[in-house]
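Read through the structure below, which is laid out as structure tokens, and then see the notes.
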Amino acid sequence: MKQKGFHRHLETPHQPLYWLLFGYILLGFFWPIVGWALLFYIIGTILTAFWRGRWWCGHICPRGNMFLHLLSKYSPHRPIPSFVRTVGFRLFVIVVIFASFGIGFYRAWGDWSAMGGVFWKTILITTIIGIILSFIYAPLTWCSFCPIGTLAAWASPKKKPLPKSFTGIHIDGSCDAKCKSCARVCPMQLTPYIARGESSGFLHPDCFKCGKCCQACPSKKVKLESVSGNPQINNH
């Protein structure tokens, strides 16, 4: 009998933002200038990270939405290879992606449509890679070393004092961490329970603040709250 893995999918309420990704890829095929829309994503992801962490990745990014809520249903949820989370590997991916941007822009300089096509091709190729990795390992394998996500993680608040708009996972100190339900459903395969009782909450820079751990906690001791203590998700 095949042994059941530790990680699993958890269905949670969401908006199907992945249709924006499908539309981007389809329109960009006919009108490459559409590719420039990627700049909105890049700027939004990195800027919001300074006060909200990787919140954008879990709530706004259409590709993250596809991995979180669509492909997660069909992924085997195997452990994400640890080496893809290392600083060295993530830095390598950043260099490769931005070098490809530079080479592409150099060749297409002056042609706005062709330059937009550079962005479009990058999204197409990396989306295909992400989909393949979703079916080999886990749905957010690509997100573990996505170059823009990595920059957002590096920009995320990691200690007090936290920005007033910051929201994070808070685990009640009475949690005994025996069930590890929060870790089982975490799409990034993180371990929120290690921060039980911490006043600052779970500050891992790769946390998407998606709230799946809150929904999965059987004793409702995991909450997604703002710095002021206001709950951001109903886990009942």
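Tally Lys/Arg at +1 and Asp/Glu at -1 over every other residue whose Cβ is under 12 Å from the Cβ of Met188; what's the total? Provide the component values of the computation, followed by the final result.
Details: positive: Arg54, Arg85, Lys209, Lys212; negative: Asp206.
Cβ neighbours under 12 Å give a net charge of +3.
Quick one: net charge of Phe145's neighbours, Cβ under 15 Å, K/R +1, D/E -1? Walk me through the numbers on the way to the answer.
On the way: positive: Arg54, Arg63, Arg85, Arg90; negative: Asp206.
In short, +3.
In degrees between 0 and 90, to the nearest 10, how far off the longest principal axis of the chain does helix 112-136 point, with axes built from Cα atoms?
Result, in degrees: 40.
Excluding Asn65 itself, calculate the net charge of residues whose Cβ lies under 15 Å from the Cβ of Asn65, where each Lys or Arg counts +1 and each Asp or Glu counts -1.
On the way: positive: Arg54, Arg63, Lys73, Lys209, Lys212; negative: Glu11.
Around Asn65, the charge tally is +4.
For segment 137-236, state which trypsin sites (Lys or Arg not before Pro) are in a DSSP loop and have at most 10 other beta carbons lying within 10 Å of their beta carbon. Present the calculation step by step, with values, prior to reporting the outcome.
Values: sites: Lys158, Lys159, Lys164, Lys178, Lys180, Arg184, Arg196, Lys209, Lys212, Lys220, Lys221, Lys223; in loops: Lys158, Lys159, Lys164, Lys178, Lys180, Arg196, Lys209, Lys220, Lys221.
In loop regions of segment 137-236 (DSSP not H, G, I, E or B), the sparsely surrounded trypsin sites (Lys or Arg not before Pro) are Lys159, Lys164, Lys178.
Could you calculate the contour length gain from Lys178 to Ile132, that is, 0.36 nm times the residue separation minus the distance between their Cα atoms, to one decimal place in nm? Could the numbers behind the result be given before it?
On the way: separation 46, 0.36 × 46 = 16.56 nm, distance 3.30 nm.
Gain on extension, Lys178 to Ile132, equals 13.3 nm.
Whole angstrom only: what separates the Cα centroid of segment 85-148 from the Cα centroid of segment 19-73?
Taking the Cα centre of each part, segment 85-148 and segment 19-73 sit 13 Å apart.
Between Val84 and Ala114, what's the calculated FRET efficiency when r is the beta-carbon distance and R0 is 45 Å? Round to 0.05. Provide the component values of the computation, followed by the final result.
Numbers: r = 31 Å, r/R0 = 0.70.
The value I calculate is 0.90.
Just need the relative contact order of segment 1-124 here, percent rounded to a whole number, with Cα pairs under 8 Å and 6+ apart. Mind dumping the intermediate values first?
Values: 95 pairs, mean separation 49.2, N = 124.
Answer for segment 1-124 is 40 percent.
For Glu198, what residues show an amide H to amide H distance below 5 Å, using hydrogens built from the backbone and excluding near sequence neighbours?
So Glu198 has HN proximity to Ile171.
When the chain is treated as a GNM, springs tying every alpha-carbon pair under 10 Å, which of Pro163, Pro192, Pro32 comes out with the largest mean-square fluctuation?
Pro163
Using the Karplus curve 6.51 cos²θ - 1.76 cosθ + 1.60 with θ = phi - 60°, what ³J(HN,Hα) values do you get for each residue of segment 30-45, in whole Hz, with x for Gly and Pro?
Each residue of segment 30-45 in turn: 8, 10, x, 4, 4, x, 4, 4, 4, 4, 4, 5, 4, 5, x, 4 Hz.
If a cysteine in the chain has no other Cys Cβ under 4.7 Å from its own Cβ, put it on the list, ordered by number.
Cys57, Cys61, Cys143, Cys146, Cys175, Cys179, Cys186, Cys207, Cys210, Cys214, Cys217
Could you calculate the FRET efficiency of Ser226 with Phe105 from 1/(1 + (r/R0)^6), where r is the beta carbon distance between them and R0 is 45 Å, rounded to 0.05?
Working: r = 40 Å, r/R0 = 0.88.
So, using R0 = 45 Å, E works out to roughly 0.70.
Starting at the first residue of segment 68-75, write each ³J(HN,Hα) from the Karplus equation 6.51 cos²θ - 1.76 cosθ + 1.60 with θ = phi - 60°, in whole Hz, x for Gly and Pro.
Ordered by residue, 3J(HN,Hα) equals 5, 10, 9, 6, 4, 5, 10, 6 Hz.
Full-extension gain between Val95 and Trp154, please, as 0.36 nm times their residue separation minus the C-alpha to C-alpha distance.
Numbers: separation 59, 0.36 × 59 = 21.24 nm, distance 1.53 nm.
Contour length minus Cα-Cα distance gives 19.7 nm.
Under a GNM of the chain (C-alpha, springs under 10 Å), which listed residue has the highest mean-square fluctuation: Leu39, Leu21, Leu203?
Leu39
What is the spin-label model distance, in nm, from Phe22 to Phe40 if the labels are put 7 Å beyond Cα along the C-beta direction?
That separation, rounded to one decimal, is 1.9 nm.
Per residue, how much accessible area does segment 130-236 have with a 1.4 Å probe, in Å²?
Numbers: 4560 Å² over 107 residues.
Spelled out: the 1.4 Å probe surface of segment 130-236, per residue, equals 43 Å².
Could you tell me what percent of the accessible area of the chain is made up of carbon and sulfur, with a 1.4 Å probe and every protein chain present? Don't skip to the answer; put the middle values down first.
Details: 8270 of 12270 Å².
Carbon and sulfur together cover 67 percent of it.
Could you go through segment 177-193 in sequence order and give the Karplus-derived ³J(HN,Hα) for each residue, using 6.51 cos²θ - 1.76 cosθ + 1.60 with θ = phi - 60°, rounded to whole Hz, and x for Gly and Pro?
6, 6, 7, 6, 4, 4, 6, 5, 9, 5, x, 8, 6, 9, 10, x, 4
The values are calculated or read from the model by the stated rules, or taken from the named source; none is laboratory data. All values derive from a computational prediction rather than experimental measurement. Neighbour counts run over all protein chains shown; Cβ positions are idealised from the backbone, glycine included. To get the accessible areas, we keep the full protein, side chains included, count just its heavy atoms, and leave off ligands, DNA and RNA. Shrake-Rupley method; radii C 1.70, N 1.55, O 1.52, S 1.80 Å.
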